[in-house]
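None of the figures in this text is laboratory data; all of them are computed from the coordinates on show. Since this is a predicted model, take the numbers as computed values, not measurements. Quick reminder, even Gly has a Cβ in these numbers, built from the backbone with ideal geometry, and neighbours come from all protein chains shown.
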Amino acid sequence: MKNLPFTKYSLTGSPVACPICGNVKSKIISKYDRRFKILPHSKCDECSLVRHEFMLSDEQLAEYYSKNYRNDYQWVNSGPTSNHIKKRVSEAKTRLNKLRPHLKKYPKVLDFGCGSGEFIDLMQDSGALASGFEPGNLYASYAREQKGLDVQNCGWENYECKEKLDVVTAFHVFEHLTDPLKAFKKAISWLNVNGLIYIEVPNMANALKLKGFGSLHMAHTIGFGRYSLELLGAYSGMVPLEVFDEFDIGIIFKKGQPRPLDEIKSNSIDEFNDINSKKVNKQFWLYSTLKLFGKRFKV
Ligand SMILES: [Zn+2]
C-alpha cells in the first residue's frame, strides 16, 4: 500500500526557508516525484535552488534511510555490488584527472560521504594520504574491512578531523543534505589555509529539462544548478577555481572573494528560468514516451 501512486509518503516534513539563501518564498515546480507519489518540489524565488517543499528533519531523514531507502533503491540492498564498484572506479579516475592539476605532492585528502571508498583507494595509489567518512554502515565497513581504508562510519556532523586537510571532496552527496551550508562550512573548518573543496552534484536544471519530474525523488532533498552550487561556496567565502559544467556539475572551490551574491543569484534564476510545473509535467511525459518507443524498437 505504501507505494501506491498519487498518495503521500508516510513521512512528511515541514516547510522550510531556502537552505542556501534563507528566502522563504518559492514556487512549486512539481507536485509528484518519479514514482507518482505526492512529493512537492519548489524552486526558491531568490536563487532558484530546488528543494522538497516539505523538508524532512535530520531525524526523519535518518529514519527514511534506515527503513525505506533500501527498498526504494534496490541497488543498496546489500553491500556494494561488482557493477557498482566497476562504475565507481571509472568515475574516480575521471574525477582524479580533473583534480590532479590542482594537487600538491602527497596531499591530505578527505572524501566526504565516501561510499565504498573507490576514490580514496585511487588517491592512495597516486601518493595521497586519503581518508573518508560514510554514514551507510554496509559501505563504510566494506571500505574499511575489505579494502583496508581509513574510513569512519559517521555523518559530517560527527566526523572527527584529526589534522588539517589539503582537499575535501564530496561526490553526489550535497543533494542529499538538509543543511548544505552548515555542512560546507564544517568542511572548510577542516581545511588548511589554501585548502580546496571539490563538489560534484547532479545538475537539477539539466535533469528537469531532460526527464521532468522523472528526475525527482525522496533521497534528493535539494537540486543544485551551476550557479546555486557557486552560491553555496560564495556564502562561505569560497570561489570556483575550476568548473566542470557537464550533465552533472562539479566545482573545485578555493578561498577567495566571491562575486556579488545578487549577480550569482541572477545567473541561477536565468539557468532555471523556463522550469515551471507545466514544463516539468510535459517533459516527463515526452521523455517517458520516447523511452517507451525506444525500448519497443530496440529488439
Ligand atoms: Zn534561495
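Within the listed set Ser26, Ser48, Ser14, the Gaussian network model of the chain (springs between alpha-carbon atoms below 10 Å) gives the highest mean-square fluctuation for Ser14. Loop-located chymotrypsin sites (Phe, Trp or Tyr not before Pro) in the stretch 1-49 (DSSP state other than H, G, I, E, B) with a sparse environment of at most 14 neighbouring Cβ atoms within 10 Å: Phe6.
Restricting the chymotrypsin sites (Phe, Trp or Tyr not before Pro) of the stretch 206-299 to loop positions (DSSP other than H, G, I, E, B) with no more than 16 neighbouring Cβ atoms within 10 Å leaves Phe247. In a reduced charge model with +1 at each Lys and Arg Cβ and -1 at each Asp and Glu Cβ, the chain shows a dipole moment near 1040 debye about its Cα centre. Checked against a 29 Å cut-off, the cross-linked pairs Lys43/Lys185; Lys185/Lys265; Lys86/Lys255; Lys25/Lys279 give Cα-Cα distances beyond that limit for Lys86/Lys255.
A DSSP coil position with no more than 11 other Cβ atoms inside 10 Å describes the following GluC sites (Glu not before Pro) in the stretch 141-216: Glu157, Glu160, Glu163.
Computed over the stretch 17-114, the Cα gyration tensor eigenvalues convert (square root of 5λ each) into semi-axes of 31, 23, 14 Å, ordered from largest to smallest.
Each stretch of four or more DSSP H residues adds -39500 (n - 2.57); spread over every residue of the chain, this sum gives -10500 deg cm²/dmol at 222 nm. The charge dipole of the stretch 115-158, taken about its Cα centre with unit charges on the Cβ atoms of Lys, Arg (+1), Asp and Glu (-1) only, comes to about 60 debye. Annotation: Cα Rg of the chain relative to the compact-globule expectation 2.2 N^0.38 Å equals 1.00.
P(r) tail, the stretch 89-142: Cα-Cα pairs separated by more than 12 Å, 63% of all pairs.
Less than 5 angstrom separates the built amide H of Leu241 from those of Ile252, Phe253, Lys254, all sequence-distant by 5 or more or on a different chain. Counting only Cβ charges, +1 for Lys and Arg and -1 for Asp and Glu, the dipole size of the stretch 158-299 around its Cα centre is about 660 debye. In the chain, a dipole from Cβ-located charges (positive for Lys and Arg, negative for Asp and Glu) runs towards its positive end, and of Gln124, Gly148, Leu39 it is Leu39 whose Cα lies farthest in that direction. Considering only trypsin sites (Lys or Arg not before Pro) in DSSP loops that have at most 13 other Cβ atoms within 10 Å, the longest stretch of the chain without any of them is 165-297. Whole-Hz Karplus values for the stretch 9-18 come out as 6, 5, 9, 10, x, 10, x, 10, 6, 4 Hz, taken residue by residue from phi with 6.51 cos²θ - 1.76 cosθ + 1.60 and θ = phi - 60°; glycine and proline positions read x. In the chain, taking the dipole from charged Cβ atoms about the Cα centre, the farthest positive-side position among Ala207, Gly195, Phe112 is held by Ala207. Our Cα-only numbers for the stretch 172-242 put the radius of gyration and Dmax at 13.1, 42 Å.
Note on the stretch 14-297: antiparallel DSSP beta bridges, both residues inside, total approximately 60 percent of the bridges counted. In the chain, taking the dipole from charged Cβ atoms about the Cα centre, the farthest positive-side position among Ser236, Ala17, Leu292 is held by Leu292.
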